[in-house]
1. So if we plug the beta-carbon distance of residue 21 and residue 157 into 1/(1 + (r/R0)^6) with R0 = 30 Å, what FRET efficiency do we get, rounded to 0.05?
2. Rounded to the nearest 0.05, what FRET efficiency do residue 210 and residue 81 give with R0 = 22 Å and r taken as the Cβ-Cβ distance? Could you check?
3. Could you give the length gained by full extension between residue 7 and residue 195, i.e. 0.36 nm per residue of separation minus their alpha carbon distance, to one decimal place?
4. Taking amide H positions as placed 1.01 Å from N in the peptide plane, with prolines and chain starts having none, which residues 5 or more places from residue 172, or on another chain, fall under 5 Å of its amide H?
5. In debye, nearest 20: dipole of the stretch 1-75 around its Cα centre with unit charges on the Cβ of K, R (+) and D, E (-)?
6. Along each of its three principal axes, how wide is the spread of alpha-carbon positions in the stretch 83-150, in whole angstrom units, largest first?
7. What span do the alpha-carbon atoms of the stretch 1-122 cover on each of the three principal axes, reported in whole Å from largest to smallest?
8. With no solvent and one equal point scatterer per Cα, compute the Debye intensity ratio I(q)/I(0) for the stretch 1-67 at 0.13, 0.19 Å⁻¹ and report its log10, rounded to two decimals.
Amino acid sequence: GPRYGPSSDAGHRVVVPLLRALGERVDVLMLSHRDADHTGGAAAVLASQPQAAAQGSIEAGHELQTLRPVAPCEAGQRWHWDGVAFEVLHPARGALAGGGKPNTLSCVLRIAAARSAGGASALLAGDIEQPQEQALVLSGANLSADVLLVPHHGSKTSSSAAFLDAVQPAVALAQVGYRNRFGHPAPVVMQRYEARGIQVAESPRCGAAHWQSAAPQSVRCERDAVQRYWHHRFP
């Protein structure tokens with residue numbers, strides 16, 4: 001999340017208190033790429049989780065590398081935890097060293113529960129854009145997922161028709177800021193989701209979104225479940 005100043009960021013104000021309240025520890029902090037809306041709170045999270053390893057598309061000279069070595073995420077990396085399979089689908093091996101636009105180097109991570117647990121899956125797409133989506137489709141990688149983190153916050157440059165047809169999610173999560181200056185998610189992009197019957201949960205309307213592999217066809221919105229009188233009512 002964003003960094004508001006030298007001593008205030010989304011990690012310090014939101015993520016660290018949430019982890020503390022839930023009693024959770026982090027084993028690996030994966031950072032899709034270096035943009036501030038993806039790494040702005042990382043330092044605070046790493047400081048509160050000294051045991052956590054870091055991984056992501058973060059170049060060698062980035063300030064985060066001085067806090068904790070950040071291993072690159074590269075296509076082909078796989079691991080299992082508690083019967084859950086993790087696989088990095090993008091970027092290609094060695095791509096980070098070659099430089100390039102940060103969005104194009106975003107880590108794409110597919111997470112799948114064991115078949116004995118229903119086999120539900122999630123695809124976290126970072127900020128990849130249509131050329132990277134096309135490359136993933138053509139690569140033959142298994143992109144199917146029950147829930148999709150909408151690429152690049154619903155930008156016009158992402159969520160191509162071919163990519164959505166390959167993923168075929170039941171639910172999509174659009175992480176965007178209320179009345180953000182980019183206009184995300186773009187109406188033309190949301191039309192592609194609607195045309196395919198994909199339920200989209202936008203963070204300003206939904207608040208905290210809860211998705212469980214035990215119920216992969218639905219998402220629970222905190223703003224709907226726990227309404228408060230001060231909550232803005234969307235038209």
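1. Details: r = 36 Å, r/R0 = 1.20.
E(calc), rounded to 0.05, equals 0.25.
2. On the way: r = 20 Å, r/R0 = 0.93.
Taking R0 as 22 Å, the efficiency between residue 210 and residue 81 is 0.60.
3. On the way: separation 188, 0.36 × 188 = 67.68 nm, distance 4.37 nm.
Result: 63.3 nm gained on full extension.
4. Amide H to amide H, under 5 Å and 5 or more residues apart or across chains, residue 172 pairs with 148, 199, 200, 201.
5. On the way: 6 positive and 8 negative charges, 56 e Å.
Computed charge dipole of the stretch 1-75: roughly 260 debye.
6. 41, 20, 19
7. Principal-axis extents of the Cα atoms in the stretch 1-122, largest first: 46, 40, 21 Å.
8. -0.32, -0.69
A short reminder: the numbers here are calculations on the coordinates, not readings from a lab. Note that the structure is predicted; figures quoted are calculated from it, not measured. Cβ sites come from the backbone with ideal geometry, for glycine too, and all protein chains shown count toward neighbours.
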